[in-house]
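The values are calculated or read from the model by the stated rules, or taken from the named source; none is laboratory data. Since we're looking at a predicted model, the values are computed, not measured. Don't worry about glycine lacking a Cβ; one is built from the backbone with ideal geometry, like all the others, and counts go over all protein chains shown.
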Amino acid sequence: MHTFFEYSPEVKQALQNQKPILALESTLITHGLAFPHNLATAMAAEKIVREQNVTPATIAIMQGKIKIGLTQEELETLVQDKNALKASKRDIPTALSKRLNAGTTVAATLFCAHHAGIKIFATGGIGGVHRGNQQDVSADLIELAQTPMAVVCAGAKAILDLARTLEFLETFSVPIIGYRTTVLPAFYTTKTAHALPITINDIATLATFLHIHWQLKMPSGVLIMNPIPTEDEIAADMIEPVIHQALMQAEKAQIQGKAITPYLLNEIAKVTEGKSLQANISLIKNNIKLGAELAQKIHQEMSC
């Protein structure tokens with residue numbers, strides 16, 4: 001498998017010197033945000049990670065290789081490639097064999113980061129069970145159930161069936177931790193009506209939880225739900241009608257599968273006149289800061 005992996009000089013050095021690394025996904029660049037917001041946000045995210053003395057490892061597939069860490073030139077190439085694939089885990093062999101450029105989803109990033117020896121991953125929101133079709137389950141959930149990494153996110157995307165998503169995670173024994181929250185955040189909003197089983201209020205306790213999870217060799221990942229900063233959230237009663245309308249439009253246009261999430265997020269951005277875009281960028285940066293702080297704390301404790 002290692003023949004398909006290619007490490008940036010920065011990540012290679014961090015691995016050799018056993019320095020902390022934070023994995024980042026790349027569908028943000030290819031499908032999540034439009035230019036120039038995608039490139040600016042990706043660069044800002046890596047800067048936040050480095051400010052915590054942690055090495056960012058943005059993961060993508062380019063020219064027949066799984067890239068663990070991207071150079072500035074590679075980031076810009078992904079932004080400019082309008083044909084870049086949105087690659088979930090099952091799409092990795094296709095992207096490699098056809099030498100395509102691809103942004104990796106949460107599921108694909110988890111797979112690649114784990115095999116690269118990285119333990120912490122920060123993203124925006126995870127996929128889940130889609131509304132109206134409980135058989136439409138994101139591969140993110142399957143990969144979370146079988147990959148022992150810590151994943152920092154702002155909850156499941158608000159466009160999903162949150163209750164069924166939580167039920168799925170419980171069934172597959174994925175621990176869900178609310179970081180400084182007792183209830184599930186939902187991407188754009190800090191609170192929902194769904195209580196979380198565990199609340200942790202500080203980095204040190206988070207790190208202790210993860211050490212125990214890994215020492216017990218639990219097979220699943222650990223989800224750390226980190227609410228969007230309150231000053232940037234969109235109230236549930238404002239965003240819910242917008243989501244409902246976008247879902248109806250998607251059904252009418254017969255948009256399904258991988259195309260549904262980018263479509264819905266784009267429609268929501270239009271209706272909210274850019275407020276959802278601002279919220280999206282804010283929560284991504286907030287999660288990445290927490291992820292970097294956690295990676296640094298775990299590194300310090302393992303070095304003692």
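One table, with the values for the structure above:
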item: Evaluation of ALA163 against (1) crowded, with 17+ Cβ neighbours inside 10 Å; (2) assigned by TED's automatic domain parsing to the domain that holds ALA246; (3) of a type in the set (A, V, I, L, M) (one fails), failing number; result: (1)
item: Failed item in (1) of a type in the set (Asp, Glu); (2) under 30 Å from PRO185 (Cα atoms); (3) over 13 Å from the mean Cα position of the chain (by Cα), with GLU143 passing the rest; result: (3)
item: Residue pairs meeting the criteria (Cβ under 8 Å; at least 6 apart or on separate chains; first without any contact (Cβ under 8 Å) to a residue 60 or more places away in the chain and in the same structural domain as THR261 (by TED's automatic domain parsing), in region 277-304; second among the basic types (Lys, Arg) and in a loop (DSSP other than H, G, I, E, B)); result: none
item: Sole residue being out of contact with any helix residue (DSSP H, G or I) (no Cβ under 7 Å at 6 or more places or on another chain), touching a residue at least 40 places away in the same chain (Cβ under 8 Å) and either loosely packed, with under 15 Cβ neighbours inside 10 Å or not assigned by TED's automatic domain parsing to the domain that holds ILE159 (or both), chosen from ALA195, ALA204, ALA235; result: ALA235
item: Filter result (part of a loop (DSSP other than H, G, I, E, B) and either under 23 Å from SER282 (Cα atoms) or touching a residue at least 40 places away in the same chain (Cβ under 8 Å) (or both)) within region 137-160; result: THR147, PRO148, MET149, ALA154, LYS157, ALA158, ILE159
item: Failed condition for LEU223, given (1) modelled with pLDDT of 95 or more; (2) closer than 26 Å to VAL271 by Cα; result: (2)
item: Among (1) farther than 17 Å from ALA45 by Cβ; (2) under 17 Å from the mean Cα position of the chain (by Cα); (3) assigned to a loop (DSSP other than H, G, I, E, B), the one test that LEU100 misses; result: (2)
item: In region 190-218, the residues that are over 20 Å from LEU169 (Cβ atoms) and among the aliphatic types (A, V, I, L, M); result: ILE203, ALA204, ALA207
item: Criterion violated by ASP91 - all others in (1) under 21 Å from PRO20 (Cα atoms); (2) in contact with a strand residue (DSSP E or B) (Cβ under 7 Å, 6 or more places away or on another chain); (3) free of Cβ contacts under 8 Å to residues at least 24 places away in the same chain satisfied; result: (1)
item: In region 242-257, the residues that are in contact with a Phe, Trp or Tyr (Cβ under 7 Å, 6 or more places away or on another chain) and free of Cβ contacts under 8 Å to residues at least 12 places away in the same chain; result: ILE255
item: Test for ALA139: is it among the small types (Gly, Ala, Ser) and not assigned by TED's automatic domain parsing to the domain that holds LEU290; result: no
item: Wholly within region 18-70, strands (runs of 3 or more DSSP E) carrying at least 3 residues that are modelled with pLDDT of 95 or more and in contact with an Asp or Glu (Cβ under 9 Å, 6 or more places away or on another chain); result: 55-62, 65-68
item: Scope region 1-51; condition hydroxyl-bearing (Ser, Thr, Tyr) and either without any contact (Cβ under 8 Å) to a residue 40 or more places away in the chain or closer than 16 Å to MET62 by Cβ (or both); matching residues; result: THR3, TYR7, SER8, SER26, THR27, THR30
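Residue-wise test of (1) small (Gly, Ala, Ser); (2) assigned by TED's automatic domain parsing to the domain that holds ILE66; (3) modelled with pLDDT under 95; (4) farther than 29 Å from LEU290 by Cα.
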| position | (1), (2), (3), (4) |
| --- | --- |
| THR94 | no, yes, no, yes |
| SER97 | yes, yes, no, yes |
| LEU100 | no, yes, no, yes |
| ALA113 | yes, yes, no, no |
